[in-house]
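All of the numbers you see were taken from the coordinates with simple rules; none came from a lab. Model, not experiment: these values are computed from the prediction. Note that we place each Cβ from the backbone using ideal geometry, even for glycine, and neighbour counts take in every protein chain shown.
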Amino acid sequence: MKQSLEVGGRGALARRTAAILVLALTLFATSARATRDESLATEGGTGAGALIATLVYAPLKLAYSSGGMVLAGLTWLWTWGDNDVAATVARAATGGDYVITPSHLRREADLDFEGS
């Protein structure tokens, strides 16, 4: 019998991903209620929450941007080389925030997923 050298497999990866997501949402919920007079511990928690939220958000944003660039290239081909139309698609896909900051969690700044 052949044994797999892979530790954990897909189920373990799914459990780890779910645990990170739950942790990120928990930190997001607690840090979003922070006031302006934050202690060092609260500020550190907000920073940690922003880091964990970015670890979840950034790959999704990069996948969206990559897909948008492919779509922009296809748009350019479909419109027979119309740069203005393709640039509009590319700008919408690649614009926006790639990192979640503590100000996003405190709701002092809006998180812009796609460019304007």
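Summary table below
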item	result
Using θ = phi - 60° and Karplus 6.51 cos²θ - 1.76 cosθ + 1.60, couplings along segment 56-72 (whole Hz; Gly, Pro as x)	8, 6, 4, x, 5, 5, 5, 5, 4, 5, 5, x, x, 5, 5, 5, 5
Estimated distance in nm for a label pair at Leu55 and Glu108, the labels positioned 7 Å out from Cα along Cα-to-Cβ	2.4
Potential extension, Leu23-Thr88 segment - 0.36 nm per residue separation minus Cα distance	19.7 nm
